[in-house]
1. I need the full set of residues from the range 304-333 which are part of a helix (DSSP H, G or I), surrounded by fewer than 19 Cβ atoms within 10 Å (Cβ to Cβ) and either more than 27 Å from the chain's Cα centre (by Cα) or among the basic types (Lys, Arg) (or both), in order please.
2. If you check PHE239 against the conditions, is it more than 10 Å from ligand 1 (Cβ to nearest atom) and closer than 20 Å to ILE134 by Cα?
3. For the structure I just gave you, tell me whether ASN336 is in a helix (DSSP H, G or I), over 31 Å from the mean Cα position of the chain (by Cα) and free of Cβ contacts under 8 Å to residues at least 12 places away in the same chain.
4. For the range 162-182, what are the residues that are more than 22 Å from the chain's Cα centre (by Cα), of a type outside the set (Asp, Glu), surrounded by 12 or more Cβ atoms within 10 Å (Cβ to Cβ) and away from ligand 1 (no atom under 12 Å from the Cβ)?
5. Exactly one of (1) modelled with pLDDT of 95 or more; (2) touching a Leu at 6+ places or on another chain (Cβ under 9 Å); (3) in a loop (DSSP other than H, G, I, E, B) is unmet by PRO17. Its number?
6. Of all residues in the range 212-230, which are farther than 17 Å from ARG106 by Cβ and more than 14 Å from ligand 1 (Cβ to nearest atom)?
7. Filter the range 139-155 down to the residues that are modelled with pLDDT of 90 or more, part of a loop (DSSP other than H, G, I, E, B) and within 11 Å of ligand 1 (Cβ to nearest atom), then identify the one that is most open to solvent (accessible area, probe 1.4 Å).
8. Pull up the range 224-266, narrow it to residues that are among the small types (Gly, Ala, Ser) and more than 15 Å from the chain's Cα centre (by Cα), then point me to the one that is surrounded by the fewest Cβ atoms within 10 Å (Cβ to Cβ).
Amino acid sequence: MPYQVNPDRNIPWNGLPELPIDKTLYETVEVYAQLGNAKAALGRLQGRSIAIPNQGLLINSISLQEAKASSAIENIFTTDDELYKAFSEQRIEQLHGASKEVLKYREALWKGYDYLKRNDTFDEAYFISIYREIKELNDGIRLPSSGIYIKQGGSGSNAGKAFYTPPRGPGIVEAKLANLIEFVNDDKQFPVDPLLKMGIGHLQFEAIHPFTDGNGRAGRIFNIHYLTQKGLLDYPILFLSKYIMDHKDDYYSGLAGVTQRGDWKTWLIYILKAIEATANLTYDKINDIINAKDSILQAVVADSNIARPESLVNALFTQPYTKVKHLTTSGIYAENTARKYLDELAKMRILEKRSMEGNNYYLNLELYRILGE
Ligand SMILES: Nc1ncnc2c1ncn2[C@@H]1O[C@H](COP(=O)(O)OP(=O)(O)O)[C@@H](O)[C@H]1O
Ligand SMILES: [Mg+2]
(Lines give C-alpha, C1' and ligand atoms only; values in the text may rest on other atoms or scores of the structure.)
(Ligands and ions follow the chains in the order given, each with its own letter.)
Protein backbone atom coordinates (compact mmCIF):
# COMPACT_ATOMS: atom_id res chain seq x y z
CA MET A 1 0.00 0.00 0.00
CA PRO A 2 1.56 3.32 -1.00
CA TYR A 3 1.80 6.24 1.39
CA GLN A 4 -0.69 9.03 0.80
CA VAL A 5 1.00 12.43 0.83
CA ASN A 6 -0.48 15.89 0.93
CA PRO A 7 -1.63 16.84 -2.59
CA ASP A 8 -1.23 20.53 -1.73
CA ARG A 9 1.34 21.49 0.86
CA ASN A 10 -0.44 24.80 1.47
CA ILE A 11 -3.56 23.21 2.91
CA PRO A 12 -3.78 21.34 6.23
CA TRP A 13 -2.97 17.68 5.71
CA ASN A 14 -5.94 16.10 7.46
CA GLY A 15 -5.31 12.92 5.52
CA LEU A 16 -1.97 12.36 7.29
CA PRO A 17 -1.90 8.53 7.40
CA GLU A 18 -2.14 7.05 10.87
CA LEU A 19 0.37 4.52 12.19
CA PRO A 20 1.56 1.89 11.60
CA ILE A 21 2.93 2.58 8.16
CA ASP A 22 3.24 -0.26 5.69
CA LYS A 23 6.44 -2.27 6.16
CA THR A 24 7.21 -2.19 2.46
CA LEU A 25 7.93 1.52 2.88
CA TYR A 26 11.09 0.80 4.85
CA GLU A 27 11.95 -2.90 4.83
CA THR A 28 15.04 -2.71 2.66
CA VAL A 29 18.61 -3.95 2.89
CA GLU A 30 19.92 -0.38 3.35
CA VAL A 31 17.61 0.44 6.24
CA TYR A 32 18.31 -2.85 8.02
CA ALA A 33 22.07 -2.56 7.52
CA GLN A 34 22.00 0.90 9.11
CA LEU A 35 19.69 -0.38 11.84
CA GLY A 36 22.34 -2.99 12.71
CA ASN A 37 25.04 -0.33 12.94
CA ALA A 38 22.89 1.89 15.13
CA LYS A 39 22.01 -0.98 17.46
CA ALA A 40 25.62 -2.03 17.85
CA ALA A 41 26.76 1.50 18.72
CA LEU A 42 23.91 1.99 21.16
CA GLY A 43 24.63 -1.34 22.86
CA ARG A 44 28.27 -0.38 23.33
CA LEU A 45 27.24 2.94 24.88
CA GLN A 46 24.76 1.27 27.21
CA GLY A 47 27.46 -1.21 28.31
CA ARG A 48 29.86 1.63 29.08
CA SER A 49 27.28 3.73 30.86
CA ILE A 50 26.55 1.19 33.56
CA ALA A 51 30.18 1.36 34.61
CA ILE A 52 30.10 5.12 35.15
CA PRO A 53 30.34 6.14 38.77
CA ASN A 54 27.92 8.93 39.55
CA GLN A 55 25.85 8.94 36.34
CA GLY A 56 23.71 11.87 37.43
CA LEU A 57 26.72 14.09 37.43
CA LEU A 58 27.73 13.22 33.91
CA ILE A 59 24.24 13.55 32.55
CA ASN A 60 23.99 16.91 34.20
CA SER A 61 26.87 18.29 32.21
CA ILE A 62 26.13 16.68 28.85
CA SER A 63 22.42 17.54 28.95
CA LEU A 64 23.34 21.22 28.88
CA GLN A 65 24.96 20.69 25.49
CA GLU A 66 21.83 18.95 24.23
CA ALA A 67 19.67 21.85 25.37
CA LYS A 68 21.97 24.23 23.55
CA ALA A 69 22.03 22.25 20.29
CA SER A 70 18.30 21.49 20.17
CA SER A 71 17.49 25.14 20.73
CA ALA A 72 20.03 26.17 18.09
CA ILE A 73 18.13 24.10 15.51
CA GLU A 74 15.29 26.55 16.17
CA ASN A 75 17.62 29.56 15.86
CA ILE A 76 17.81 30.12 19.60
CA PHE A 77 21.51 30.66 20.14
CA THR A 78 23.67 30.87 23.26
CA THR A 79 27.39 30.64 23.70
CA ASP A 80 28.85 28.09 26.08
CA ASP A 81 29.94 30.89 28.35
CA GLU A 82 26.52 32.53 28.56
CA LEU A 83 24.86 29.22 29.13
CA TYR A 84 27.18 27.89 31.81
CA LYS A 85 27.13 31.18 33.64
CA ALA A 86 23.34 31.27 33.56
CA PHE A 87 23.22 27.67 34.70
CA SER A 88 25.63 28.24 37.56
CA GLU A 89 23.28 30.95 38.85
CA GLN A 90 20.50 28.37 39.22
CA ARG A 91 17.79 31.00 39.16
CA ILE A 92 16.18 30.35 35.84
CA GLU A 93 13.14 32.48 36.57
CA GLN A 94 15.28 35.59 36.70
CA LEU A 95 16.96 34.92 33.37
CA HIS A 96 15.64 36.00 30.01
CA GLY A 97 16.26 35.46 26.34
CA ALA A 98 18.02 32.51 24.80
CA SER A 99 19.80 31.29 27.94
CA LYS A 100 16.50 30.99 29.70
CA GLU A 101 14.89 29.14 26.83
CA VAL A 102 17.82 26.75 26.67
CA LEU A 103 17.71 26.05 30.40
CA LYS A 104 13.96 25.51 30.14
CA TYR A 105 14.63 22.83 27.56
CA ARG A 106 16.92 21.13 30.01
CA GLU A 107 14.27 21.30 32.74
CA ALA A 108 11.78 19.76 30.33
CA LEU A 109 14.21 16.88 29.75
CA TRP A 110 14.21 16.07 33.44
CA LYS A 111 10.54 16.72 33.98
CA GLY A 112 9.60 14.32 31.21
CA TYR A 113 12.02 11.72 32.50
CA ASP A 114 10.47 11.87 35.97
CA TYR A 115 6.99 11.87 34.51
CA LEU A 116 7.66 8.65 32.65
CA LYS A 117 9.18 7.04 35.72
CA ARG A 118 5.92 7.65 37.53
CA ASN A 119 3.48 6.92 34.70
CA ASP A 120 5.33 4.33 32.72
CA THR A 121 3.69 5.09 29.36
CA PHE A 122 3.56 8.02 26.99
CA ASP A 123 0.30 9.94 26.99
CA GLU A 124 -1.08 13.27 25.88
CA ALA A 125 -0.28 14.85 29.24
CA TYR A 126 3.39 13.91 28.80
CA PHE A 127 3.66 15.85 25.54
CA ILE A 128 1.71 18.79 26.91
CA SER A 129 3.92 19.01 30.00
CA ILE A 130 7.05 19.11 27.80
CA TYR A 131 5.55 21.84 25.64
CA ARG A 132 4.47 23.89 28.65
CA GLU A 133 7.86 23.64 30.26
CA ILE A 134 9.77 24.70 27.14
CA LYS A 135 7.45 27.51 26.17
CA GLU A 136 6.43 28.64 29.66
CA LEU A 137 2.79 28.56 28.61
CA ASN A 138 -0.28 27.00 30.19
CA ASP A 139 -2.29 26.07 27.13
CA GLY A 140 -2.14 22.74 25.31
CA ILE A 141 -2.88 21.32 21.88
CA ARG A 142 -3.37 24.07 19.32
CA LEU A 143 -6.90 25.14 18.48
CA PRO A 144 -8.39 24.62 15.01
CA SER A 145 -8.26 28.40 14.59
CA SER A 146 -4.45 28.61 14.76
CA GLY A 147 -3.28 28.49 11.17
CA ILE A 148 0.29 27.29 11.48
CA TYR A 149 2.40 25.88 8.70
CA ILE A 150 6.08 25.01 8.36
CA LYS A 151 7.93 27.68 6.45
CA GLN A 152 10.98 27.23 4.31
CA GLY A 153 13.94 29.09 5.71
CA GLY A 154 16.84 30.95 4.13
CA SER A 155 16.68 33.88 1.75
CA GLY A 156 16.02 32.11 -1.56
CA SER A 157 12.92 32.55 -3.73
CA ASN A 158 11.05 29.90 -1.75
CA ALA A 159 11.80 31.42 1.67
CA GLY A 160 8.65 31.85 3.73
CA LYS A 161 6.60 29.49 1.55
CA ALA A 162 5.06 26.37 3.05
CA PHE A 163 7.09 23.17 3.28
CA TYR A 164 4.16 21.47 4.87
CA THR A 165 0.87 22.35 6.57
CA PRO A 166 -0.12 20.09 9.46
CA PRO A 167 -3.67 18.80 10.09
CA ARG A 168 -6.23 21.13 11.57
CA GLY A 169 -9.88 20.88 12.67
CA PRO A 170 -11.97 19.93 15.70
CA GLY A 171 -10.54 16.81 17.35
CA ILE A 172 -8.27 15.94 14.42
CA VAL A 173 -4.94 16.73 16.04
CA GLU A 174 -6.03 14.96 19.24
CA ALA A 175 -7.02 11.84 17.32
CA LYS A 176 -3.74 11.68 15.38
CA LEU A 177 -1.76 12.18 18.57
CA ALA A 178 -3.74 9.41 20.31
CA ASN A 179 -2.88 7.08 17.42
CA LEU A 180 0.82 7.97 17.67
CA ILE A 181 0.76 7.35 21.43
CA GLU A 182 -0.85 3.95 20.98
CA PHE A 183 1.74 3.06 18.36
CA VAL A 184 4.71 3.89 20.58
CA ASN A 185 3.26 2.32 23.73
CA ASP A 186 1.80 -0.90 22.38
CA ASP A 187 4.56 -3.19 21.15
CA LYS A 188 2.30 -6.24 20.97
CA GLN A 189 -0.15 -4.69 18.58
CA PHE A 190 2.62 -2.85 16.71
CA PRO A 191 5.73 -5.01 16.70
CA VAL A 192 8.31 -2.71 15.08
CA ASP A 193 11.96 -2.51 16.06
CA PRO A 194 12.28 0.17 18.78
CA LEU A 195 14.83 2.29 16.90
CA LEU A 196 12.63 2.35 13.82
CA LYS A 197 9.68 3.14 16.07
CA MET A 198 11.54 6.10 17.52
CA GLY A 199 12.27 7.45 14.04
CA ILE A 200 8.73 6.87 12.81
CA GLY A 201 7.36 8.37 16.03
CA HIS A 202 9.49 11.51 15.77
CA LEU A 203 8.44 12.10 12.20
CA GLN A 204 4.77 11.51 12.94
CA PHE A 205 4.94 13.90 15.89
CA GLU A 206 6.43 16.62 13.67
CA ALA A 207 3.85 15.93 10.97
CA ILE A 208 1.02 16.27 13.50
CA HIS A 209 2.67 19.41 14.95
CA PRO A 210 0.26 19.46 17.91
CA PHE A 211 1.44 22.76 19.40
CA THR A 212 1.69 26.33 18.18
CA ASP A 213 5.46 26.25 18.77
CA GLY A 214 8.08 24.04 20.40
CA ASN A 215 7.20 20.98 18.31
CA GLY A 216 10.73 20.42 17.07
CA ARG A 217 12.14 20.53 20.57
CA ALA A 218 9.36 18.44 22.11
CA GLY A 219 9.87 15.83 19.37
CA ARG A 220 13.61 15.68 20.04
CA ILE A 221 13.02 15.31 23.78
CA PHE A 222 10.64 12.46 22.96
CA ASN A 223 13.49 10.67 21.13
CA ILE A 224 15.65 10.65 24.24
CA HIS A 225 12.87 9.52 26.53
CA TYR A 226 11.76 6.82 24.15
CA LEU A 227 15.14 5.08 24.40
CA THR A 228 15.15 5.02 28.18
CA GLN A 229 11.48 4.13 28.34
CA LYS A 230 12.01 1.06 26.17
CA GLY A 231 15.06 0.00 28.17
CA LEU A 232 17.62 0.59 25.41
CA LEU A 233 19.49 2.91 27.76
CA ASP A 234 19.36 3.07 31.55
CA TYR A 235 19.89 6.81 31.60
CA PRO A 236 19.02 9.57 29.15
CA ILE A 237 22.47 10.02 27.64
CA LEU A 238 21.90 9.82 23.90
CA PHE A 239 21.40 13.38 22.76
CA LEU A 240 20.84 13.59 19.01
CA SER A 241 20.49 17.33 18.58
CA LYS A 242 24.14 18.07 17.89
CA TYR A 243 24.10 15.65 14.98
CA ILE A 244 20.85 17.14 13.74
CA MET A 245 22.28 20.65 14.02
CA ASP A 246 25.40 19.60 12.10
CA HIS A 247 23.23 17.95 9.41
CA LYS A 248 20.31 20.30 9.52
CA ASP A 249 19.53 20.47 5.80
CA ASP A 250 19.26 16.69 5.67
CA TYR A 251 17.00 16.76 8.72
CA TYR A 252 14.61 19.16 7.03
CA SER A 253 14.74 17.43 3.67
CA GLY A 254 14.29 14.06 5.38
CA LEU A 255 11.11 15.25 7.10
CA ALA A 256 9.82 16.91 3.94
CA GLY A 257 10.67 13.79 1.92
CA VAL A 258 8.08 11.88 3.91
CA THR A 259 5.37 14.53 3.91
CA GLN A 260 5.87 15.38 0.23
CA ARG A 261 6.83 12.04 -1.34
CA GLY A 262 6.33 9.32 1.28
CA ASP A 263 10.09 8.64 1.28
CA TRP A 264 10.43 6.90 4.64
CA LYS A 265 13.68 5.11 3.76
CA THR A 266 15.80 8.25 3.47
CA TRP A 267 14.36 9.58 6.71
CA LEU A 268 14.91 6.37 8.67
CA ILE A 269 18.47 5.96 7.39
CA TYR A 270 19.15 9.55 8.46
CA ILE A 271 17.88 9.06 12.00
CA LEU A 272 19.64 5.68 12.37
CA LYS A 273 22.91 7.28 11.28
CA ALA A 274 22.30 10.01 13.84
CA ILE A 275 21.92 7.34 16.52
CA GLU A 276 25.08 5.52 15.47
CA ALA A 277 27.25 8.63 15.23
CA THR A 278 25.95 10.11 18.46
CA ALA A 279 26.32 6.88 20.41
CA ASN A 280 29.97 6.68 19.34
CA LEU A 281 30.59 10.32 20.14
CA THR A 282 28.95 10.02 23.54
CA TYR A 283 30.96 6.89 24.29
CA ASP A 284 34.18 8.81 23.65
CA LYS A 285 32.99 11.83 25.58
CA ILE A 286 32.08 9.76 28.62
CA ASN A 287 35.51 8.15 28.59
CA ASP A 288 37.18 11.55 28.27
CA ILE A 289 35.21 12.97 31.17
CA ILE A 290 35.89 9.96 33.40
CA ASN A 291 39.60 10.08 32.58
CA ALA A 292 39.80 13.82 33.20
CA LYS A 293 38.06 13.42 36.52
CA ASP A 294 40.36 10.61 37.61
CA SER A 295 43.51 12.46 36.70
CA ILE A 296 42.38 15.66 38.38
CA LEU A 297 41.56 13.72 41.53
CA GLN A 298 45.01 12.13 41.46
CA ALA A 299 46.66 15.53 41.06
CA VAL A 300 44.65 17.00 43.94
CA VAL A 301 45.52 14.11 46.21
CA ALA A 302 49.20 14.16 45.24
CA ASP A 303 49.86 17.91 45.17
CA SER A 304 47.63 19.45 47.82
CA ASN A 305 46.36 18.95 51.34
CA ILE A 306 42.76 19.52 50.36
CA ALA A 307 40.33 17.68 52.63
CA ARG A 308 37.59 15.52 51.07
CA PRO A 309 39.14 15.68 47.60
CA GLU A 310 36.63 13.28 46.11
CA SER A 311 33.60 15.36 47.02
CA LEU A 312 35.32 18.46 45.69
CA VAL A 313 36.29 16.89 42.36
CA ASN A 314 32.80 15.43 41.95
CA ALA A 315 31.33 18.88 42.46
CA LEU A 316 33.71 20.34 39.86
CA PHE A 317 32.34 17.90 37.30
CA THR A 318 28.64 18.65 37.71
CA GLN A 319 29.02 21.78 35.57
CA PRO A 320 31.88 23.71 34.01
CA TYR A 321 31.54 26.78 36.24
CA THR A 322 31.73 26.35 40.00
CA LYS A 323 30.98 29.06 42.55
CA VAL A 324 31.88 29.09 46.23
CA LYS A 325 28.18 28.94 46.93
CA HIS A 326 27.80 25.58 45.17
CA LEU A 327 30.20 24.00 47.63
CA THR A 328 28.65 25.60 50.69
CA THR A 329 25.02 24.92 49.79
CA SER A 330 25.78 21.30 49.04
CA GLY A 331 27.38 21.14 52.47
CA ILE A 332 30.87 20.10 51.38
CA TYR A 333 32.79 22.93 53.04
CA ALA A 334 32.31 26.14 55.00
CA GLU A 335 32.65 29.30 52.94
CA ASN A 336 36.26 30.22 53.75
CA THR A 337 37.50 26.72 53.16
CA ALA A 338 35.63 26.47 49.88
CA ARG A 339 37.15 29.72 48.63
CA LYS A 340 40.64 28.72 49.75
CA TYR A 341 40.47 25.37 47.98
CA LEU A 342 39.07 26.79 44.75
CA ASP A 343 41.84 29.41 44.71
CA GLU A 344 44.36 26.69 45.30
CA LEU A 345 43.06 24.70 42.32
CA ALA A 346 43.23 27.85 40.23
CA LYS A 347 46.92 28.19 41.18
CA MET A 348 47.40 24.58 40.14
CA ARG A 349 45.79 25.52 36.78
CA ILE A 350 43.04 22.95 37.15
CA LEU A 351 40.52 25.77 37.36
CA GLU A 352 40.53 29.24 35.90
CA LYS A 353 39.23 31.99 38.11
CA ARG A 354 37.03 34.52 36.36
CA SER A 355 35.28 37.57 37.71
CA MET A 356 32.01 38.53 36.12
CA GLU A 357 29.67 41.21 37.38
CA GLY A 358 31.23 41.11 40.81
CA ASN A 359 31.02 37.32 41.12
CA ASN A 360 33.86 34.84 41.08
CA TYR A 361 33.50 31.76 38.94
CA TYR A 362 35.92 28.89 38.66
CA LEU A 363 36.02 27.28 35.27
CA ASN A 364 36.88 23.59 35.00
CA LEU A 365 39.14 23.87 31.95
CA GLU A 366 39.20 20.19 31.01
CA LEU A 367 35.46 19.69 31.33
CA TYR A 368 34.82 22.86 29.38
CA ARG A 369 37.09 21.68 26.59
CA ILE A 370 35.58 18.19 26.40
CA LEU A 371 31.99 19.44 26.37
CA GLY A 372 32.73 21.96 23.65
CA GLU A 373 34.39 19.45 21.32
N1 LIG B 1 8.47 19.22 6.24
C2 LIG B 1 8.30 19.01 7.54
N3 LIG B 1 7.35 18.15 7.96
C4 LIG B 1 7.17 17.94 9.27
N5 LIG B 1 7.88 18.55 10.24
C6 LIG B 1 8.84 19.41 9.90
C7 LIG B 1 9.10 19.68 8.54
N8 LIG B 1 10.12 20.57 8.50
C9 LIG B 1 10.46 20.83 9.78
N10 LIG B 1 9.70 20.15 10.64
C11 LIG B 1 9.79 20.15 12.13
O12 LIG B 1 9.30 21.37 12.64
C13 LIG B 1 10.16 21.82 13.68
C14 LIG B 1 9.94 23.30 13.97
O15 LIG B 1 8.66 23.45 14.59
P16 LIG B 1 8.42 24.40 15.84
O17 LIG B 1 7.05 24.18 16.40
O18 LIG B 1 8.78 25.81 15.48
O19 LIG B 1 9.44 23.82 16.89
P20 LIG B 1 10.41 24.66 17.84
O21 LIG B 1 9.75 25.84 18.41
O22 LIG B 1 10.97 23.68 18.80
O23 LIG B 1 11.19 25.30 16.86
C24 LIG B 1 11.53 21.43 13.18
O25 LIG B 1 12.50 21.37 14.19
C26 LIG B 1 11.24 20.05 12.61
O27 LIG B 1 11.28 19.06 13.61
MG1 LIG C 1 9.72 27.45 16.70
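The values are calculated or read from the model by the stated rules, or taken from the named source; none is laboratory data. In this text the structure is predicted, and so the values were computed from the model without any measurement. Don't worry about glycine lacking a Cβ; one is built from the backbone with ideal geometry, like all the others, and counts go over all protein chains shown. Quick note on the areas: whole protein, heavy atoms, side chains included, nothing else; ligands and nucleic acids left out. Shrake-Rupley method; radii C 1.70, N 1.55, O 1.52, S 1.80 Å.
1. Once the filter is applied, which keeps residues that are part of a helix (DSSP H, G or I), surrounded by fewer than 19 Cβ atoms within 10 Å (Cβ to Cβ) and either more than 27 Å from the chain's Cα centre (by Cα) or among the basic types (Lys, Arg) (or both), the range 304-333 yields PRO309, GLU310, SER311, LYS325, THR328, THR329.
2. Numbers: more than 10 Å from ligand 1 (Cβ to nearest atom): yes; closer than 20 Å to ILE134 by Cα: yes.
Yes; evaluated as a whole, the condition is true for this residue.
3. Here the answer is yes, as ASN336 does meet what is asked.
4. Step one: of the range 162-182, the residues more than 22 Å from the chain's Cα centre (by Cα) are 162-176, 178-179, 182.
Restricting the remaining residues to those that are of a type outside the set (Asp, Glu) gives 162-173, 175-176, 178-179.
Still in the running and surrounded by 12 or more Cβ atoms within 10 Å (Cβ to Cβ): 162-168, 172-173, 175-176, 178-179.
Once the filter is applied, which keeps residues that are more than 22 Å from the chain's Cα centre (by Cα), of a type outside the set (Asp, Glu), surrounded by 12 or more Cβ atoms within 10 Å (Cβ to Cβ) and away from ligand 1 (no atom under 12 Å from the Cβ), the range 162-182 yields ARG168, ILE172, VAL173, ALA175, LYS176, ALA178, ASN179.
5. (2)
6. At the first step, the residues of the range 212-230 found to be farther than 17 Å from ARG106 by Cβ are 212-213, 215, 226-227, 229-230.
Within the range 212-230, TYR226, LEU227, GLN229, LYS230 qualify.
7. TYR149
8. Kept after step one, since they are among the small types (Gly, Ala, Ser), are these residues of the range 224-266: 231, 241, 253-254, 256-257, 262.
From what is left, the residues that are more than 15 Å from the chain's Cα centre (by Cα) are 231, 253-254, 256-257, 262.
Numbers: GLY231: 9, SER253: 15, GLY254: 22, ALA256: 17, GLY257: 19, GLY262: 16.
By that ranking, first place goes to GLY231.
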